[in-house]
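Taking it in order: structure first as structure tokens, then the write-up.
The values are calculated or read from the model by the stated rules, or taken from the named source; none is laboratory data. Fair warning: this is a prediction, and the values are worked out from it, not measured in the lab. Cβ placement follows ideal geometry from the backbone for every residue including glycine, while neighbour counts extend to all protein chains displayed. Quick note on the areas: whole protein, heavy atoms, side chains included, nothing else; ligands and nucleic acids left out. Shrake-Rupley method; radii C 1.70, N 1.55, O 1.52, S 1.80 Å.
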Amino acid sequence: MTKVAGSPVLFDRSLLRQRRLRAQRGEPVTFLLNHVAADLIERLSVVKRSFAIAADIGTPTSALRNLMREQNLAEMIIGVDALFPASPNPSTIAADEEALPFADASLDLAVSALALQWVNDLPGTLAQIRRALKPDGLFLAALLGGETLTELRQSFAAAEAEIEGGVSPRVAPFADMRDIGALLQRAGFALPVADIDRLIVRYDTPFGLMQDLRGMGATNVLLERRRTPLKRATLQRMAQIYAERFSDPDGRLRTTFDIVWLSGWAPHESQQQPLRPGSARTRLADALKTTEFPAGEKSGSR
């Protein structure tokens, strides 16, 4: 694996591709991706604009592209998929999210669903997307973040500390919404927005959740993951702790998925611009119908 310059390498992306491929060949679990794809289409439909060339960057299946075509949201939709050789499609190109193949100012729209959380160099990827967009081009993406899988993480940590006397990274860390939002500004996007949706999924046991994660191709791909097999006693204790701490009155277990939404525009002169400092024509004190005092002077001073 090639180290991304200036960025820590957290994820084994070769292993991620292997596990995604295994999930596709088995019984893929797509409920989460389908949910996010439908939400992304709803958000995109609010934008009253036609797009000539759109790119779907890294979305694990064709679900998003299919919905975009059904809604006629772009004249041409290009899929960027690292697994392309396994599922050839004329409108899909083989590329990694960390090395996008687009020329500067070549896209009108870039979208991505549940892919960018596995990128080692997210600032670099966002900068590449920004450069690939034409002026006034739109970027809209969803990735896992925040408290995603917090119940599973806490249960594994408590069980390992109790049974094995230490804790190893069993579940990948997820970025905070505020940190990701700041990266949009750093990448040069205009009018950046980040918000979060929380989805609670319920399971009978933690093992059902772990089976679904395998079916999503989303099991542990951390480089620093423990390579030794998980002890049966630790796994059983994890399940007990999960049930004790995160069960509903009916006995079913809660699992959190936080979907972080990102949007931003490639800068263009037609976009709303912030006012220059000192250019306001109305004083704040006048708007609030109060008295303005010089800095350091308190109300009531003589």
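Can you sort Arg198, Arg130, Arg178, Arg49 by 1.4 Å-probe accessible area, starting with the largest?
Result of the area sort, largest leading: Arg178, Arg198, Arg49, Arg130.
Report the net charge of residues surrounding Leu116, where surrounding means a beta-carbon distance below 11 angstrom and charges are Lys +1, Arg +1, Asp -1, Glu -1.
Taking every Cβ under 11 Å from that of Leu116, the sum is -3.
In whole Hz, what ³J(HN,Hα) sequence does region 62-75 give by Karplus (6.51, -1.76, 1.60; θ = phi - 60°), x for Gly and Pro?
8, 4, 5, 4, 4, 5, 4, 5, 4, 8, 6, 8, 7, 6
Please report the net charge: other residues with Cβ closer than 14 Å to the Cβ of Asp104, K and R +1, D and E -1.
+2
Let me check I've understood the local charge: for Thr92, count other residues with C-beta under 12 angstrom from its C-beta, Lys and Arg +1, Asp and Glu -1. What total comes out?
-1
5 Å is the cut-off here: which amide hydrogens, built 1.01 Å from N in the peptide plane, fall below it relative to Ala95, excluding neighbours closer than 5 in sequence?
Here the answer is Asp81, Ala82, Phe84, since their amide H atoms fall under 5 Å of that of Ala95.
Length gain on complete extension for the stretch Arg254 to Val46, per 0.36 nm per residue less the alpha carbon to alpha carbon distance?
Going from the current span to full extension adds 71.7 nm.
With θ set to phi - 60° and the Karplus curve 6.51 cos²θ - 1.76 cosθ + 1.60, what are the ³J(HN,Hα) couplings of region 118-126 in order, to the nearest whole Hz, using x for Gly and Pro?
9, 7, 6, 10, 5, x, x, 5, 4
Could you sort Lys231, Lys48 by accessible area so the largest value comes first, with the probe set to 1.4 Å?
In descending accessible area the options line up as Lys48, Lys231.
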